[in-house]
Amino acid sequence: MKKKIIIKIVLIILLVFILVIGFFLVREYVARNSDKDSMTTVENDIEILSKEYPTLMHIYGEELKFDDSISTNNISQITSDIFRRTDDYDYQLLIINDLSGKNVLSDDEWMIIKEVLMSNNDINFLYLGNKQFDKIIEVGIVEGDRTMFQDGDLSLGLFYEGETAISVYGTYTSTLGKSQKDVCEAIMREQAYSIKIGNE
Amino acid sequence: MLKKFQKVIIATILIIVVLCDSNFTYAAAPEIKLPSDSAATITNFTVRRTVTVTYNCSQPIGTDISRNQVVGYCYTYIGSYRAKNKVDGKYFDGLLIKSNMVPSTFYNKNGQKKYGFSQYLQYSMTLNKHCTYQGNTPINDTSGSDEYSIGITGGSDGASVSGTVNCNSKYCDVTDLSNPTKNLFKIEYDYIPSASDWKSNSTRNKKVLFASTWQMATCTWTTSYSSYNVVLDVYAKFGTSSAKNGSGMTMPLYNYSSKATGIFINSFR
């Protein structure tokens, strides 16, 4: 008899415990989503890349001015060392900014990029410009051929959606705004989209 | 008794955790399930084109939105396949296409928040002269069903690909205006058939337009050519609104929408 009472008390305590935990979790969920609902797409992308899935942007070539909360690393040479993982970041994005058409990478550097991308699904790649399209396809970084390009294309990338590497065309084109802000927002959107789809 | 109850408790906690961790702002991508013994060589969806739609109305109704303002994105994936066996001595080829329409939220010139909404999506492709359109595709009966078939049959030689696309009907309540003919593959998803459809209490408004949505289509044909290219046009349009219930729409009509196109050129070898 006494044993039954103890069991009942334990069950009630557990039930209350679950209800309390559930209440707080639901409240947290509602708060989190109502916050997101009030954000613009750009604000939401910044939140994803700076807090939800911290991402380090390696920038080769002309500087790109991202929002202050986005972590960037300007580089002048491609080596495998720059992609060393740290606890600070979940993802990395290598951006080759060649909108001026003046940046030339060596064959060795292209091969390093390919090897890094093929063996890490948390590292993405985006080339800005149109002078090196053929080289990128020739090296085998992205899937496709010259016919895949559309007039006005100014980017080519490889973005992981989970385990799947996706060759991405059209992230930035001549029809979009030309300011630094426009370029950076297009890059952030592509990276944030790939991360979100990959983590569904 | 206690053990049973413990299981229930653990299950309850797990369900709560999973529910609270899900992000419902992104619709799940349609999942393609093809049989392992598929009689076709399939290139999966590993190529994507991002079609960014900016505010570019030729006759804008509202002037408070900046030119170049992004109002939505259409992420289109393409896959292709070739049946392993010829059909009546010809290759049996096809395209699989899926698009994620993602409206954008932004501030207008006056600092007021605006919401993009999906308005229209069209895939079109003029088949090459040597191609003969096959089958009943596109199959896009997405109203009221959680699952629709992308099955493709190829005739007596047994060339076939079959599978299902799981797609929550909540995100697919759109009007289909397919127009496949012998030489033209054209499929339209018209989210707003006419201005009169825009009502504040419209179910479609609340469920679909402001959320991320997926659409999918297939096109198949036979040809005697082994190597050639096909060109697919993707045309997406988005409108904008002051509120997510559809009120204060800036450009709900066909001629005043922001639009952009993307082209896929797919090689068959």
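The values are calculated or read from the model by the stated rules, or taken from the named source; none is laboratory data. All figures in this text were calculated on a predicted structure; none of them were measured in a lab. FYI the Cβ positions are ideal-geometry reconstructions off the backbone, even for glycines, and counts take in every protein chain you see. Just so you know, the surface numbers come from the protein's heavy atoms only, side chains and all, with ligands and any DNA or RNA stripped out. Shrake-Rupley method; radii C 1.70, N 1.55, O 1.52, S 1.80 Å.
Taking all protein chains into account, the per residue accessible area for segment A:41-198 stands at 43 Å² (1.4 Å probe).
The calculated FRET efficiency for residue A:21 paired with residue A:74, based on their beta-carbon distance and R0 = 56 Å, is about 0.80. Extending 7 Å from the Cα toward the beta-carbon at both residue A:150 and residue A:199 defines two label points whose distance is 2.9 nm. Chains A and B together bury some 3800 Å² of accessible area, summed over both sides, with a 1.4 Å probe. Each other residue within a Cβ distance under 10 Å of residue A:174 adds +1 if Lys or Arg and -1 if Asp or Glu, for a net charge of -1. A simple spin-label model places pseudo-atoms 7 Å from Cα toward Cβ; at residue B:112 and residue B:133 they are separated by 4.4 nm. Taken one residue at a time, the phi angles of segment A:6-19 give Karplus couplings (6.51, -1.76, 1.60, θ = phi - 60°) of 4, 4, 4, 4, 4, 4, 5, 4, 4, 4, 4, 4, 5, 4 Hz. Gly and Pro are set to x.
The length gained on full extension between residue A:43 and residue A:120, counted as 0.36 nm times the residue separation minus their Cα-Cα distance, comes to 25.0 nm. Per-residue ellipticity at 222 nm, computed for chain A from helices alone with -39500 (n - 2.57) per DSSP H run of at least four residues, works out to -13500 deg cm²/dmol.
Remark on residue A:143: its backbone amide H falls under 5 Å from those of A:167, a criterion applied only to residues 5 or more positions apart or on other chains, H modelled at 1.01 Å from N.
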